[in-house]
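To keep things clear, I will list the structure first and then write my remarks on it.
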Amino acid sequence: MQIINVKHPLLEQQRPASDTVLIMGFFDGVHLGHQKVIKTGVELAQKHHLKAVLMTFDCSPRTIYQHETGFKYLSTMQRKAELVEQLGVDYLYFVHFTDEFAHLKPQDFVDQYMVGLNASFVVAGFDYTYGKKDIANMQNLPNYAKERFETVTVPEQLIDGQKIGSSAIKQFILQGHIGTANEFLGYTYQNQGTVIHGLQRGRKLGYPTANLAVDGSEVIPAIGVYATRMKIDGVWYNGMTSVGYNVTFKENTGVTIETNIFDFNQDIYGKHVAIEWVRYLRGEVKFDDAEGLVKQLELDKENSIKALKNKC
């Protein structure tokens, strides 16, 4: 898959060399609903011997239209690219979402980007918009297309009657319902980050931890203890992770993400890693002493091994 970064306007040399199936959406998290849209486009491209092109943005449109600050994402651009590539897309376009780009009129957007990317078909979800939703919606897209391409609308996707959506998934993660979030995502949720030095309290207790500094724009799971996996230098290792405040020792370090990696003894400070959140185990508990904490950690490890075994 080739990645093309676009700063408005689209340049002639950035256009595909042949006709395409253009897949449109922001696709934060690339959840099961998004996957349905993308797979529909990829299958259509294969059927008609066209290139599958996906166009998305480098940031949420809400940060421009609603001036929303501190927006949290389910997937970084890198993670989004990884997930999209797995679905068979040929070209991924990241458009830099600027004020100028945001103020394109619907017809101009269609002309410059849909037609501009040589679309024979445009595929998007039922709620996709390219401007004000009352006029720039999928129902009106054929009018703007002017018979230059066909429009394919993918209907709403549900699980147990609930819409599969990024906002709902974020709430699941923030509330500790990681199992439900993973079900709606269609894969196990991840964060990426760098291993940093901590207070080494876990090492003294016999449970050394890798402290993770994650991208500040990513959604972090709720306070608690989780069965997790960590990817280090391309290899996945089982472990358990605490998201919390170190309440037993009152260290006032803010929220930390600390992973005890099972059967692991390597120096990984400074390494970029990924962490996969498999199952929520329990909330954060304040113990009377270190002995009580160690007993709980033994139980957490046992429960983590069971959860991770079932996953495998």
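Readers should treat all values here as calculations from the given coordinates under stated rules, not as data from a laboratory. All figures in this text were calculated on a predicted structure; none of them were measured in a lab. Note: ideal-geometry Cβ built from the backbone for every residue, glycine included; neighbour counts use all protein chains shown.
Details
- Residue by residue, segment 134-145 carries 3J(HN,Hα) couplings of 6, 10, 9, 10, 5, 5, 8, 4, x, 5, 6, 5 Hz when phi is fed to the Karplus relation 6.51 cos²θ - 1.76 cosθ + 1.60 (θ = phi - 60°); x denotes Gly or Pro.
- Taken one residue at a time, the phi angles of segment 155-161 give Karplus couplings (6.51, -1.76, 1.60, θ = phi - 60°) of x, 4, 9, 10, 10, 6, x Hz. Gly and Pro are set to x.
- For the chain, share of DSSP beta bridges that run antiparallel, in % to the nearest 5: 60
- Taking L54, L212 and counting other C-beta atoms within 10 Å, the order from fewest to most: L212, L54
- Residue separation of K146 and F126 scaled by 0.36 nm, minus their Cα-Cα distance, works out to 5.2 nm of gained length.
- Calculated from backbone phi, Karplus (6.51, -1.76, 1.60) coupling profile of segment 216-221 in Hz, x at Gly/Pro: x, 8, 8, 6, 9, x
- Helix 77-86 vs. the chain, principal-axis angle (Cα, 0 to 90°, nearest 10): 70
- With all projection directions averaged, the alpha carbon convex hull of segment 1-138 covers 7.8 nm².
- Packing-based exposure ordering (other Cβ within 10 Å, fewest first) of K133, K36: K133, K36
- Between Q86 and S167, residue separation times 0.36 nm minus the direct Cα-Cα distance comes to 26.9 nm.
- Taking every C-alpha pair closer than 8 Å and separated by at least 6 residues, the mean separation divided by the residue count of segment 32-112 gives a relative contact order of 42 percent.
- Calculated [θ] (222 nm, deg cm²/dmol) that DSSP helices of n ≥ 4 give over the chain, each run adding -39,500 (n - 2.57): -8000 deg cm²/dmol
- Cβ-based exposure ranking for L87, L117, L158, in which fewest neighbours within 10 Å come first: L158, L87, L117
- Nonlocal amide H pairs with F97, under 5 Å, H built at 1.01 Å: D58, C59
- Net length gained if the chain between Q78 and S217 were fully extended (0.36 nm per residue, minus Cα distance): 48.7 nm
- Largest to smallest principal axis extent of the C-alpha atoms in the chain, angstrom: 72, 40, 38
- Long pairs among K51/K132; K36/K163; K39/K163; K231/K309, criterion Cα-Cα beyond 20 Å: K51/K132
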